[in-house]
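Since the structure comes first, as structure tokens, the remarks are kept for the end.
The values are calculated or read from the model by the stated rules, or taken from the named source; none is laboratory data. Here the structure is a predicted model, which means the values were calculated and not measured. Every residue, glycine among them, receives a Cβ derived from its backbone with ideal geometry; neighbour counts consider all protein chains shown.
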Amino acid sequence: MSASPTRTAAIIGAGPAGLFAAELLAENGVSVTVYEKMPTPGRKFLMAGRGGLNLTHTEKLDGFLHRYGAARDVLGPMVEDFSPEALRAWADGLGAETFAGSSGRVFPKAMKASPLLRAWRARLEGLGVRILTRHQWVGWSPESDFLIRSEDAEQAVRADAVLLALGGASWPRLGSDGGWAGWLEARGAALAPFAPSNSGFRADWSEPMKKHAGEPVKAVALSHMGRTVRGEAMVSAYGLEGGAVYALSASLRQAIERDGETVLSLDLKPDWSAQELASRLAKARRGESLSNTLRKAARLSAVQIALLREAHREVPREPEALAAAIKDARIVLTGIQGLDRAISSAGGVRFDSLDKSLMLKAIPGVFAAGEMLDWEAPTGGYLLQACFATGRAAAQGMLAWMDRDLSSTD
């Protein structure tokens with residue numbers, strides 16, 4: 001009885017989706033080579049680590065999956081198959097023990113990506129995975145192989161299965177510039193246009209408001225199109241950014257694309273009802289300045305007071321009206337920051353171009369995973385969770401494809 005031939009896989013892109021797929025494939029006896037155009041793997045992963053490396057979130061699964069919006073039905077089974085608990089167990093197994101913060105966000109205790117990435121690379125090396133850096137996919141050969149260009153050569157790569165894990169189009173300086181889109185479209189794959197996600201939004205600030213650039217707006221509730229998110233925002237010179245803003249970025253972006261601008265409502269005191277706030281304001285000293293009343297009675301910070309004035313041309317003094325103004329400070333947003341400043345991107349390979357195993361229907365044997373797929377989610381652990389989950393799903397699809405291919409030749 002002859003030995004089974006070695007199965008081979010090529011992975012283009014050494015981000016979390018690609019590396020996680022490489023790990024699963026190698027554990028199943030596949031010879032894996034990863035091609036990465038940047039000098040080192042995981043560049044965007046390391047950048048995420050500057051904020052502590054928010055791996056996932058402890059939110060209950062139904063709410064967790066809701067964060068993926070229109071892609072929930074497709075991503076849901078993949079996240080259920082590789083859950084937040086499974087991701088934490090995987091990180092713990094690398095020695096990067098995790099913890100959940102008060103917000104539910106999950107981080108390695110080291111609050112860095114580099115120790116986890118070092119341990120991960122050591123595991124991959126032990127499994128025989130080859131990672132070739134400074135190797136960039138540059139299109140197709142005449143024989144329809146993948147052309148990979150290194151510093152001094154160009155080679156045609158052929159494997160039993162290929163995974164594209166090239167990232168989206170955000171943070172292009174870290175390698176994910178979306179330059180691969182035309183090559184896939186030429187082969188019949190359908191793509192949705194790239195758009196910035198988890199990005200800041202522009203507002204036409206007055207000169208007094210601009211002086212508060214860089215100041216956080218803490219414990220605020222933001223509302224748009226019937227949805228309210230609590231958290232923190234940040235005033236920038238161009239407008240607003242921060243986690244609470246990012247959570248609404250999809251609907252804000254779509255409204256601006258449709259109408260040219262949109263209104264974001266800020267509740268500057270979400271922990272107090274309008275009635276309680278009005279009662280406190282009514283106790284202000286007679287003759288006290290409005291700023292002092294807002295600072296003492298309403299306990300607003302300087303940046304909150306500035307936002308209140310920005311939202312209302314004339315800030316009312318009567319307690320009930322003033323309370324209502326504080327609970328509904330409306331800021332007009334006129335645009336979104338571009339892909340070069342976005343944390344992630346929307347758009348990419350449409351799911352209807354893929355089968356259930358994430359294989360491109362137009363290119364049999366070629367799979368796709370990670371941010372290059374057409375989905376988006378807010379920050380908070382949802383982005384990395386989906387990258388890992390789709391990487392795992394694609395690897396499982398590749399194994400099934402290769403096993404079927406081998407059995408057909410027996």
Item to check | Verdict on residue 102 being touching an Asp or Glu at 6+ places or on another chain (Cβ under 9 Å) and modelled with pLDDT under 95 | outcome: no
Item to check | Leading residue by the ranking (surrounded by the most Cβ atoms within 10 Å (Cβ to Cβ)) among those in the range 268-288 that are out of contact with any helix residue (DSSP H, G or I) (no Cβ under 9 Å at 6 or more places or on another chain) and without any contact (Cβ under 8 Å) to a residue 12 or more places away in the chain | outcome: 287
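Consider the range 34-64. How many of its residues are closer than 26 Å to residue 124 by Cα and either assigned to a helix (DSSP H, G or I) or more than 16 Å from the chain's Cα centre (by Cα) (or both)?
15
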Checklist entry - Are there any pairs with C-beta distances below 6 angstrom linking a residue in the range 178-189 that is in contact (Cβ under 8 Å) with a residue 40 or more places away in the chain to a residue that is surrounded by fewer than 16 Cβ atoms within 10 Å (Cβ to Cβ) and not in a loop (DSSP other than H, G, I, E, B), with the two at least 6 apart or on different chains, and if so which? => result 183/139
Checklist entry - Taking residue 96, is it free of Cβ contacts under 8 Å to residues at least 40 places away in the same chain, of a type in the set (A, V, I, L, M), more than 24 Å from residue 178 (Cα to Cα) and outside any helix (DSSP H, G or I)? => result yes
Item to check | Subset of the range 209-243 (residues that are in a helix (DSSP H, G or I) and at pLDDT below 95) | outcome: 243
Checklist entry - Can residue 159 be described as surrounded by 14 or more Cβ atoms within 10 Å (Cβ to Cβ), aliphatic (A, V, I, L, M) and not in a helix (DSSP H, G or I)? => result yes
Next on the checklist: Suppose we filter 199, 170 for residues that are surrounded by 20 or more Cβ atoms within 10 Å (Cβ to Cβ) and either at pLDDT 95 or above or more than 14 Å from residue 373 (Cα to Cα) (or both); which single one remains?
Outcome noted: 199
Next on the checklist: Looking only at the range 118-153, how many residues end up being closer than 25 Å to residue 46 by Cα and either of a type in the set (S, T, N, Q) or not assigned by TED's automatic domain parsing to the domain that holds residue 17 (or both)?
Outcome noted: 3
Checklist entry - In the range 253-282, which residue that is under 16 Å from residue 329 (Cβ atoms) and in a helix (DSSP H, G or I) is nearest to the chain's Cα centre (by Cα)? => result 274
Checklist entry - Is at least one residue of the range 283-291 under 14 Å from residue 324 (Cβ atoms), of a type outside the set (Lys, Arg) and assigned by TED's automatic domain parsing to the domain that holds residue 220? => result no
Next on the checklist: Please verify whether residue 197 is farther than 21 Å from residue 25 by Cα, over 26 Å from the mean Cα position of the chain (by Cα) and of a type in the set (Ser, Thr, Tyr), treating the condition exactly as stated.
Outcome noted: no
Checklist entry - Does residue 169 fit the bill of being outside any loop (DSSP other than H, G, I, E, B), small (Gly, Ala, Ser) and assigned by TED's automatic domain parsing to the domain that holds residue 357? => result no
Checklist entry - Does residue 183 meet the test of being under 28 Å from residue 258 (Cα atoms) and outside the structural domain of residue 254 (by TED's automatic domain parsing)? => result no
